[in-house]
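**Student:** Encoded as structure tokens, here's the structure I'll be asking about.
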């Protein structure tokens, strides 16, 4: 099964909901003001966001839809064009390439988004591209998180530095960077405790980890990734906003796109924050992380052939 097929299957719920919704709205071969408003409302309910929905509505209203053609296809083509214009600049296809010097990646996200699993999948892709990968188990808040990261390290055969549950996360980060330098690792992925903006102690720990990293290398962290759960809907926007205030995010990972009918949240996030999108999670298997390609996303979202 190719990448596009995986995307198509993963986004099927989103695309089916979008397509069936349009068919219910458009019962005649013309787009009048009433239908335009219904399309806008439907896009908003699909988590595309108010601003993007309004822009798409304007694009459709300005385009002369040929009533002799497939109206649904015409609208889907306009939507695809909008997605590509918005998301093409956010591709980071080079993220997994081999690095010639130490690259320090800090990974954050709230509990339950699939953060540690995503780290495992990222590590696998980096290793496949001839990187020497080290995991840093800085989510010392939960013993299960350390165990889970270690299982991933063993599964994909990469290094890991860990300490006992409850240990100072920043000290684990420092030990990891020290080990990386000594053993010539070129990728260090630092797991951090799942946190929300109202957990002040965890947020302070997060800042402390970043400070320790910067003492080791003042240009680090080189990447700050935020893992997001597509099923969280508009709460995704709040998470990006809050985490970005603490340490500027350089890339997004969106998970659980195989189980949501509201994949449009990634469109809303792209429009508002313009943060690069690194990869999308489309399942639980170790290969179910796909490098973000806007063309694949757009085709899958509208179920184009």
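**Student:** Being surrounded by 20 or more Cβ atoms within 10 Å (Cβ to Cβ), in contact (Cβ under 8 Å) with a residue 60 or more places away in the chain, over 18 Å from residue 95 (Cα atoms) and in contact with a helix residue (DSSP H, G or I) (Cβ under 7 Å, 6 or more places away or on another chain) is true for just one of 140, 192. Which residue is that?
**Tutor:** Exactly one of 140, 192 is surrounded by 20 or more Cβ atoms within 10 Å (Cβ to Cβ), in contact (Cβ under 8 Å) with a residue 60 or more places away in the chain, over 18 Å from residue 95 (Cα atoms) and in contact with a helix residue (DSSP H, G or I) (Cβ under 7 Å, 6 or more places away or on another chain), namely 192.
Rundown of residues vs (1) part of a loop (DSSP other than H, G, I, E, B); (2) touching a strand residue (DSSP E or B) at 6+ places or on another chain (Cβ under 9 Å); (3) without any contact (Cβ under 8 Å) to a residue 40 or more places away in the chain, yes/no style:
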{"position": "163", "(1), (2), (3)": "yes, yes, yes"}
{"position": "167", "(1), (2), (3)": "yes, no, yes"}
{"position": "174", "(1), (2), (3)": "no, no, no"}
{"position": "184", "(1), (2), (3)": "yes, no, no"}
{"position": "209", "(1), (2), (3)": "no, yes, no"}
{"position": "214", "(1), (2), (3)": "no, no, yes"}
{"position": "224", "(1), (2), (3)": "no, yes, no"}
{"position": "257", "(1), (2), (3)": "yes, yes, no"}
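**Student:** Take the residues in segment 95-111 that are assigned to a loop (DSSP other than H, G, I, E, B) and under 14 Å from the mean Cα position of the chain (by Cα), then tell me which one is nearest to residue 188 (Cα to Cα).
**Tutor:** Looking at the filtered set, the residue picked out is 95.
**Student:** Spot the failing condition for residue 89; the list is (1) in contact (Cβ under 8 Å) with a residue 24 or more places away in the chain; (2) surrounded by 14 or more Cβ atoms within 10 Å (Cβ to Cβ); (3) assigned to a helix (DSSP H, G or I), and only one is missed.
**Tutor:** Of the numbered conditions (1) in contact (Cβ under 8 Å) with a residue 24 or more places away in the chain; (2) surrounded by 14 or more Cβ atoms within 10 Å (Cβ to Cβ); (3) assigned to a helix (DSSP H, G or I), the odd one out for residue 89 is (2).
**Student:** Here's something else I'd like to know. If you go through segment 265-305, how many residues are farther than 22 Å from residue 79 by Cβ and out of contact with any strand residue (DSSP E or B) (no Cβ under 6 Å at 6 or more places or on another chain)?
**Tutor:** Counting residues in segment 265-305 that are farther than 22 Å from residue 79 by Cβ and out of contact with any strand residue (DSSP E or B) (no Cβ under 6 Å at 6 or more places or on another chain) gives 6.
**Student:** Within segment 42-52, does at least one residue satisfy the condition of being at pLDDT 85 or above, surrounded by 14 or more Cβ atoms within 10 Å (Cβ to Cβ) and either more than 23 Å from residue 296 (Cα to Cα) or out of contact with any helix residue (DSSP H, G or I) (no Cβ under 7 Å at 6 or more places or on another chain) (or both)?
**Tutor:** no
**Student:** Still on this structure, I have one more. From the set of residues in segment 196-206 that are loosely packed, with under 13 Cβ neighbours inside 10 Å and outside any loop (DSSP other than H, G, I, E, B), which is modelled with the highest pLDDT?
**Tutor:** 204
**Student:** Return the residue satisfying two criteria in turn: it lies in segment 252-285 and is surrounded by fewer than 21 Cβ atoms within 10 Å (Cβ to Cβ) and modelled with pLDDT of 80 or more, and of such residues it is farthest from residue 49 (Cα to Cα).
**Tutor:** So the residue we want is 276.
**Student:** Criterion first (without any contact (Cβ under 8 Å) to a residue 60 or more places away in the chain, on the phi > 0 side of the Ramachandran plot and not in a helix (DSSP H, G or I)) does residue 131 satisfy it?
**Tutor:** Numbers: without any contact (Cβ under 8 Å) to a residue 60 or more places away in the chain: yes; on the phi > 0 side of the Ramachandran plot: no; not in a helix (DSSP H, G or I): yes.
When the stated conditions are applied, residue 131 does not pass them.
The values are calculated or read from the model by the stated rules, or taken from the named source; none is laboratory data. For clarity, every value in this text was computed on a predicted model and none was experimentally measured. With ideal geometry, Cβ positions are generated from the backbone for all residues, glycine too; neighbour counts draw on all protein chains shown.
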